[in-house]
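The values are calculated or read from the model by the stated rules, or taken from the named source; none is laboratory data. This structure is a prediction, so every number in the text was calculated from the model and none was measured. Every residue, glycine as well, gets a Cβ built from its backbone with ideal geometry; the counts of neighbours run over all protein chains shown. These area figures cover heavy atoms from the full protein model, side chains too; ligands, DNA and RNA do not enter into them. Shrake-Rupley method; radii C 1.70, N 1.55, O 1.52, S 1.80 Å.
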Amino acid sequence: NAEYMGKFVVHHIVPCLFRLAEMSRRLSVSDAADDARELRANDGHEEDDHDSDDEEYVGLEEDEDNEDENDSDSENDQDETDDDVDIEDEEVLITDGSEEYSISLEDLLAFVGRRRTRPATQDEDEEIERDDVDPGTFVRTQHTPFQHSLQYHGAALPSLTFERLAARSGSLLGKRKQMYNTLGASFQSHDKVAIMQHRLPTKLLHKRLRYGGCAFCGQYSEDGSVFVAASQEGCIHLHDTQKWETFKTIEARDVGWSIVDIDSSSDSRWVIYSSWSPYVHLINVYGDYELHEALDLKPLHHSCMFGIRFSPNNAEILAGANQGFLYLFDVERKQTTLQIRGHTNDINTVDYASNDPNIFFTGSDDTFVKVWDRRSLMGNAISGPVGVLAGHHQGITCVTSKGDDRHLISNSKDHSIKLWDIRSMISANEASNLRPHSSGYDYRYGGIRSVRRRMLEHDTSLNTYYGHKVLQTLIRCYFSPLESTGQRYIYSGSYDGVVYIWDALTGEIVQKLDGGHDSLVRDVSWHPFLPQLMSTSWDTTSRRWEFNPSERVASTEETTTVRRPSRARGFMAL
């Protein structure tokens, strides 16, 4: 279907078009050569009257022979001819890392719309048949088979981008074996971003995922194939993102008040969740058997793991808990390898800096974000954090790494998000002389306070983003995906039931996804490859947003009206 096929467009289809375009051109050249041979056979006695025509056809035939000679270096073992190509039988192999996809040429042509948008003139047909066609004409001229036909969710992709891609891929024309083996190699990551970065998920779909209580967590798996949601009813829901059907519902264990955080492993095979409990629970996503294992972190007091993360290699679990305690748990040995008090107040959120399992971040109600190196936390001489990021007026609800070992964002109860570079962090000794600027205001019960935009003296953040409201719960924020947007945007849920999207460079709000929820949005998740976003709310639903072809990225004014959402069951709000 169109949604499934659309997934290939961004990653692989564009290079296919160059191959298909050349195949179409070669077929035209071959047909012309056949006509020339037939004409010479039937009208050989009139050779003198047809010198000019023969010269034209002979020229085409020579061009074809020259091209075959160029190809022979890499195709000595291939006996196939373009004259025998049958689009019903021809298969196009698309490779993506370790995964391979096969699609018939007929289906691919049907998808991109091979038929011309209008009848071609004689001059245009002659231009297609020329052997020296500039590869850029496959996107510039009106008669090209693929003009105005390549679409994603109904929206034509920008022709200038394809023109640039065609110019870069011109050297591949005529090298068929190379294109067979390295299909998509010329379609680089920044080309994908150039196409997809303006296609924001702004269209709210009618179908919603409804749960039996306030929904606290909702995240795509690393490969985007599964959407994992957790709610106050005490269940973990696993949804297939191809059919958007629930294929597994797991009743959580040891739930105190609500499930407060979840995380998926990097291979999308495992999910962990936490609550007001000394345990972090591990469950499997696929398999004939059901694994539901309680991992005892053995805290010294009644604990809640507010923030949990798999290490990049899935060997450990990092957890931040109340009273400022930090835990590292070895999954294979089933034991806690580190337990220290890293903050003076609750640790609400944790995250790893990149694929290196040694560097990670923590955010706390003491208003500080701290940077840690686990290598300095082992052994008898345990040191503190390697650096501190200070600048928020209230506690931290979420920290998210950009994945480059340098940058991260933090969401705060002071209704702001800050972008940081850890190269500008202050030392732990300097931070020890700072007093947290929190006024003791309890965001769980108080009303909306005015946003304090005064920068603190020790604030080293690169940018600050305003507009959303952080009240009653630990609202999450993230960078947009690297594969599709180049992490150009920052997005977050909000107390007013709106999803906010900012331009990371300018700090402007570029989209507000409103009208999808009747209560606060606690968690949000952008599909790693497609322009789809899921918002998870205390109104007991998760809603899906997709790219709307009729809309473009545009800055909007900050919201001034706030709807007061219904309070989650109980007195605590996380």
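A few comments on the model shown:
- If only residues of segment 496-508 that are more than 19 Å from the chain's Cα centre (by Cα) and farther than 17 Å from Gly218 by Cβ are counted, the one that is surrounded by the fewest Cβ atoms within 10 Å (Cβ to Cβ) is Thr506.
- Boolean, Arg544 is surrounded by fewer than 23 Cβ atoms within 10 Å (Cβ to Cβ), part of a strand (DSSP E or B) and at pLDDT 95 or above: yes
- For the criterion of being out of contact with any helix residue (DSSP H, G or I) (no Cβ under 6 Å at 6 or more places or on another chain), closer than 30 Å to Leu434 by Cβ and not aromatic (Phe, Trp, Tyr), Leu338 passes.
- Looking only at segment 178-204, and only at residues there that are within 15 Å of Trp526 (Cα to Cα), open to solvent by 30 Å² or more (accessible area, probe 1.4 Å) and over 12 Å from the mean Cα position of the chain (by Cα), the one that is modelled with the lowest pLDDT: His198
- Checking Leu291 against (1) in contact with a Phe, Trp or Tyr (Cβ under 9 Å, 6 or more places away or on another chain); (2) of a type in the set (A, V, I, L, M); (3) more than 21 Å from Val226 (Cβ to Cβ); (4) surrounded by fewer than 16 Cβ atoms within 10 Å (Cβ to Cβ), the condition it does not meet: (3)
- Against the criterion of being basic (Lys, Arg), open to solvent by 40 Å² or more (accessible area, probe 1.4 Å) and either at pLDDT below 95 or within 14 Å of His527 (Cβ to Cβ) (or both), Arg208 qualifies.
- Filter result (under 15 Å from the mean Cα position of the chain (by Cα) and not polar (S, T, N, Q)) within segment 514-542: Val524, Trp526, His527, Pro528, Phe529, Leu530, Pro531, Leu533, Met534
- Boolean, Asp414 is at pLDDT 85 or above, under 35 Å from the mean Cα position of the chain (by Cα) and assigned to a loop (DSSP other than H, G, I, E, B): yes
- Scanning segment 264-297 for residues that are of a type in the set (D, E, K, R) and under 20 Å from Thr336 (Cα atoms) yields a count of 2.
- Failed criterion for Leu328 (all others in (1) of a type outside the set (D, E, K, R); (2) buried (at least 19 other Cβ atoms within 10 Å of the Cβ); (3) closer than 27 Å to Ser537 by Cα hold): (3)
- The number of residues in segment 258-275 that are part of a loop (DSSP other than H, G, I, E, B) and open to solvent by 50 Å² or more (accessible area, probe 1.4 Å) comes to 3.
- The condition (being modelled with pLDDT under 95 and either surrounded by fewer than 23 Cβ atoms within 10 Å (Cβ to Cβ) or in contact with a helix residue (DSSP H, G or I) (Cβ under 9 Å, 6 or more places away or on another chain) (or both)) is satisfied by just one residue among Ser484, Ser519: Ser484.
- Residues in segment 358-374 that are assigned to a strand (DSSP E or B), surrounded by fewer than 22 Cβ atoms within 10 Å (Cβ to Cβ) and touching a helix residue (DSSP H, G or I) at 6+ places or on another chain (Cβ under 9 Å): Ile359, Val371.
- Those residues of segment 252-308 which are more than 21 Å from Asn345 (Cα to Cα) and among the charged types (D, E, K, R), in sequence order: Arg253, Asp254, Asp263, Asp267, Arg269, Asp288, Glu290, Glu293, Asp296
- Count of residues meeting criterion [in a strand (DSSP E or B) and crowded, with 20+ Cβ neighbours inside 10 Å] in segment 388-409: 11
- Being among the aliphatic types (A, V, I, L, M) and more than 22 Å from the chain's Cα centre (by Cα) is a condition met by at least one residue of segment 256-272.
- Within segment 227-237, being in a strand (DSSP E or B) and buried (at least 19 other Cβ atoms within 10 Å of the Cβ) holds for Phe227, Val228, Ala229, Ala230, Ser231, Ile236, His237.
- On the stretch given as segment 331-353, residues that are outside any strand (DSSP E or B) and open to solvent by 20 Å² or more (accessible area, probe 1.4 Å) total 7.
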